[in-house]
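The block underneath contains the structure these notes are about, expressed in structure tokens.
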Amino acid sequence: MLLSRTGLPDKLRANDDTAKKLKAVEELEKAGAEVLVLQADISDETELQKALQTAESRFGQAIHGVIHAAGIPDGKVIHARTPDDERHMAKAKITGTALLRKALRNKQPDFFFICSSLVSFLGAGGQVGYAASNAFLDSYAHACRKEGENMVTVNWDRWEQVGMAYESETAAILSKIVDKEEQHQGILPAQGAKAFMRALQLRYPQVLISLQDVNKRMKDSYVKEDRQTAAHVLTKDRLDTLEERLMNIFKDYFHSETDVNMNFFELGASSLDLLQVSGRIKNELGVDIPVVMMYAHPTVASLTQAVKAQQSGDDLHIKGIEPDRQKAINEGKNRRKQRMRRK
Ligand SMILES: NC(=O)c1ccc[n+]([C@@H]2O[C@H](COP(=O)([O-])OP(=O)(O)OC[C@H]3O[C@@H](n4cnc5c(N)ncnc54)[C@H](OP(=O)(O)O)[C@@H]3O)[C@@H](O)[C@H]2O)c1
């Protein structure tokens, strides 16, 4: 039985994306499997129970194994997150796992294989909800093992050619601009299939699958500072022309006529946009302005002032010019709404 919230589309209505799913099911059937595809959200107990009953009436009472690979990609920096974002992120991995375990506990499947991620160890930009929900899976598997259940959590490295890190737009943007040192070839599908079998045979509660030395990666990720300030010293020429240079980058990115006092959120900036702009600034000016600083100084004028104050070591001045962050974001978004209504 294969379960997902969207199920399998009608053959006639398949698009490029869904045609891939249909093909995968056909391949399983050709290999001799009897496949039942059902639609259910595993974080909804009623839907989950109904799906399990349907499977039982088709295949009988025994469920021999579970592969829990449900999850959604993340992609919002911490300053832009809301409680609803976290609830959304928790559905498949936290609520869904607890409900699956509850529903199957008395059936004692031979294995309960959970897909977690190396992100719960290494962290990654814009992935705090994803990291947290995977960290939950890791601890949960250990706790269930203590109660005698055959649960294993596998912390996968990034997959290549298939899956959310390859197909999701957000993940693609993030992987281009964040953690450049983490850019390496991901797990190829054939390698992943082998690793899956091996992890299942090992019968450990937790298995980490990394294409590079995981100890080194962990060490590198822990020593990264959570910088709140612009790193690198700017040359005098770049400092003198900073406002103009920043203005050009913002104008070019947003394809919009803007002025130095226009709030980035009025331009419609999301945290992902700001991450990309931060990358461009680094490439073009050689200065690393973190997104958190753009949230604190959401206009080119105030960002320029803040970077200049920082470069001269005037921290007190920086504090003095830092506006109320939430107020600035809300004002920007409201002005944008008003502008859109007037159009
Ligand atoms: N791909 C990678 O590089 C990578 C790396 C590390 C870890 N992982 C983990 O490995 C697992 C599989 O990843 P993937 O790349 O195969 O992702 P994927 O292609 O996005 O597949 C995830 C599946 O989960 C389903 N799903 C999401 N929420 C659900 C819910 N509440 N109830 C039922 N089904 C739900 C989605 O279908 P619907 O949208 O139709 O529900 C989708 O079919 C995930 O847990 C991911 O976190 C992946």
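For the Cα atoms of the chain, what angle does the longest principal axis make with the long axis of helix 16-30, in degrees from 0 to 90, nearest 10? Taking the Cα atoms of the chain, the angle to 16-30 is about 20 degrees. Distance between the modelled labels on residue 241 and residue 28, one decimal in nanometres: 5.9 nm (7 Å Cα→Cβ projection).
Projecting the Cα atoms of 129, 200, 150 onto the dipole axis of the chain, where Lys and Arg carry +1 and Asp and Glu carry -1 at the beta carbon, places 150 farthest toward the positive end. With angles folded into 0 to 90 degrees, how steeply does helix 45-59 sit against the dominant principal axis of the chain? Use alpha carbons for both and round to 10. Long axis of 45-59 versus the principal axis of the chain: about 40 degrees. Over the chain, the pair-distance histogram of Cα-Cα distances with 20 Å bins from zero comes to 25, 48, 24, 3 percent, rounded to whole numbers.
Pull out a ≥ b ≥ c, the square roots of the eigenvalues of the alpha-carbon gyration tensor of the range 40-223, then state rounded if a/c is under 1.5, prolate if not and a/b is larger than b/c, and oblate in the remaining case. Display every interim value, and only then the final one.
Working: a/c = 1.88, a/b = 1.46, b/c = 1.29.
Prolate, since a/c reaches 1.5 and a/b exceeds b/c.
Placing a label point 7 Å from the Cα of residue 53 along the Cα-to-Cβ direction, the residues of the range 96-138 whose backbone N falls under 19 Å from that point are 99-107. Stretched out straight at 0.36 nm per residue, the stretch from residue 261 to residue 106 would grow longer than its current Cα-Cα span by 49.5 nm.
Remark: spin-label model distance residue 88-residue 197 equals 3.9 nm, labels positioned 7 Å along the Cα→Cβ axis. Charges were assigned to the Cβ only: +1 to each Lys and Arg, -1 to each Asp and Glu. The resulting dipole of the range 236-342 about its Cα centre is roughly 560 debye.
Hey, what did the chain get for relative contact order, percent, Cα under 8 Å, at least 6 apart? Reported relative contact order: 13 percent. Using the average count of surrounding beta-carbon atoms within 10 Å as a protection proxy, the listed peptides 64-73, 267-276 rank, highest first, as 267-276, 64-73.
FRET efficiency for the pair residue 19 and residue 185, taken as 1/(1 + (r/R0)^6) with r the Cβ-Cβ distance and R0 = 30 Å, rounds to 0.65.
In the frame of its principal axes, the range 236-342 has Cα extents of 43, 28, 21 Å, reported largest first. When the listed pairs 11/337; 21/50; 30/50; 21/282 are checked against a 29 Å cut-off, the alpha-carbon distance exceeds it for 11/337; 21/282.
Summarising the label geometry, the points placed 7 Å from Cα in the beta-carbon direction at residue 284 and residue 214 lie 4.1 nm from one another. Note on residue 335/residue 78: beta-carbon distance plugged into 1/(1 + (r/R0)^6) with R0 of 30 Å gives a FRET efficiency of 0.75. Just to confirm the number: angle between the C-alpha axis of helix 189-202 and the first principal axis of the chain, 0 to 90 degrees, nearest 10? The answer is roughly 60 degrees.
Every read-out reported here was derived from the displayed coordinates using simple, explicitly stated rules and does not represent laboratory data. Here the structure is a predicted model, which is why all the values come from computation and not from measurement. Cβ coordinates were reconstructed from backbone atoms using ideal geometry, including for glycine residues, and neighbour counts include every protein chain displayed.
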